[in-house]
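The values are calculated or read from the model by the stated rules, or taken from the named source; none is laboratory data. Note that this is a predicted model, so its numbers are computed, not measured. So basically every Cβ, Gly included, is an ideal-geometry build from the backbone, and we count neighbours across all protein chains shown.
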Amino acid sequence: MAKQTKRRRRRSNGFAIRLITMLAVILAVLFCVFLFFRIETIAVSGSTHYTDEEIVSASGLSVGDNLMLMNKSAAASDMMAWLPYVQRVKISRKLPGTAVITVQECNAVAAAQDESGAWWLLGADCKLLEQIDAANAEQYMALTGVTLTAPVIGCIAQATQEDAIGAAATMLTAMEQYALLDVITGVDLTKLYAVEIWYGKRFEIKLGSTDNLAYKIQYLQAVLKNLNENQSGVIDLTFENDAVARFLPW
């Protein structure tokens, strides 16, 4: 019995020693993390609308912060909240002391007026990006038939015509997908049963109702590829009788 008791004590002592050793290693690692891995440099890439200083300030990260314990998701959320052109953010660590911020920005693709007549820039998802003057608004696709209400930069646009802003978002997203944002100069949503868009002064494009708008934009891309540079006129995509496009030259 005495020998068995001694064996149990040895095993208990051995387990305690291993446990203490493990805790000591964990504490040593944590000590190193807190002591040595501090942010010494914050590198920024991908931004054209904002300076590196503006990106870093919005992120909330600072030189001297703990590199391993920085809250990447919170920093990314803060940047997208404060900087409306920032669409996606990736934050990574580069040992021993660099935090790397990579941003992807959205583009302003359209302009619309609010109830006071002021012009605002929107992204393809109808996020409000900034307020501009009338002269600069002429450089962007004009959304008519949409009156913005209580615009807030960084938020999705709201309009007195709720269905119209939803239709605008659908079309702009589809135009971005099918590479038509650079050629469409105007969208008229005044009559949601007779939506029209313009390809400069070359084509008037009739889309009819707001049904299947994304498909109509996709169809438009195919139609444009089959028209030569000398052609101009009306492209009818109303699909009133059948799902066939019609071209009526001027």
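Details
- Residues of the range 195-222 satisfying the condition of being surrounded by fewer than 17 Cβ atoms within 10 Å (Cβ to Cβ) and either hydrophobic (A, V, I, L, M, F, W, C) or not assigned by TED's automatic domain parsing to the domain that holds ALA245 (or both): ALA214, ALA222
- Only one entry of ALA214, ALA245, ALA222 meets the criterion of being aliphatic (A, V, I, L, M) and either under 27 Å from GLN139 (Cβ atoms) or touching a residue at least 40 places away in the same chain (Cβ under 8 Å) (or both), and that entry is ALA214.
- Residues satisfying the stated conditions in the range 176-211, i.e. free of Cβ contacts under 8 Å to residues at least 60 places away in the same chain, of a type outside the set (Asp, Glu) and closer than 22 Å to THR160 by Cβ: GLY186, LEU189, THR190, LYS191, LEU192, TYR193, ALA194, VAL195, ILE197, LEU207, SER209, THR210
- Condition check for ARG10: at pLDDT below 70, surrounded by fewer than 16 Cβ atoms within 10 Å (Cβ to Cβ) and not β-branched (Val, Ile, Thr): yes
- Screening the range 34-50 for residues that are loosely packed, with under 15 Cβ neighbours inside 10 Å, in contact (Cβ under 8 Å) with a residue 12 or more places away in the chain and of a type in the set (A, V, I, L, M, F, W, C) and picking the one that is farthest from CYS155 (Cα to Cα) gives PHE36.
- For the condition touching an Asp or Glu at 6+ places or on another chain (Cβ under 9 Å) and surrounded by 14 or more Cβ atoms within 10 Å (Cβ to Cβ), LEU129 does not qualify.
- Scanning the range 51-79 for residues that are without any contact (Cβ under 8 Å) to a residue 12 or more places away in the chain, outside any loop (DSSP other than H, G, I, E, B) and not charged (D, E, K, R) yields a total of 3.
- Test: MET70 is within 16 Å of the chain's Cα centre (by Cα) and not assigned by TED's automatic domain parsing to the domain that holds TYR140: no
- All of SER59, SER77, SER47 fail the test of being farther than 21 Å from LEU122 by Cβ, modelled with pLDDT under 95 and under 23 Å from the mean Cα position of the chain (by Cα), apart from SER77.
- In the range 87-126, the qualifying residues are those that are of a type in the set (A, V, I, L, M, F, W, C) and not in a strand (DSSP E or B), and the one that is surrounded by the most Cβ atoms within 10 Å (Cβ to Cβ) is CYS126.
- Checked against (1) assigned to a loop (DSSP other than H, G, I, E, B); (2) under 29 Å from VAL234 (Cβ atoms); (3) under 21 Å from the mean Cα position of the chain (by Cα); (4) not small (Gly, Ala, Ser), PRO84 meets all criteria but (2).
- A Cβ distance below 8 Å, combined with a sequence gap of six or more or placement on separate chains, defines the contacts here; from the range 115-133, residues that are over 11 Å from THR173 (Cβ atoms) reach residues that are of a type in the set (Asp, Glu) and surrounded by fewer than 21 Cβ atoms within 10 Å (Cβ to Cβ) in the pairs TRP119/ASP133; TRP120/ASP114; TRP120/GLU130; LEU121/GLU130.
- Enumerated helices (runs of 4 or more DSSP H) restricted to the range 132-250, each holding at least 1 residues that are more than 20 Å from ALA112 (Cα to Cα) and modelled with pLDDT of 95 or more: 162-177, 213-225
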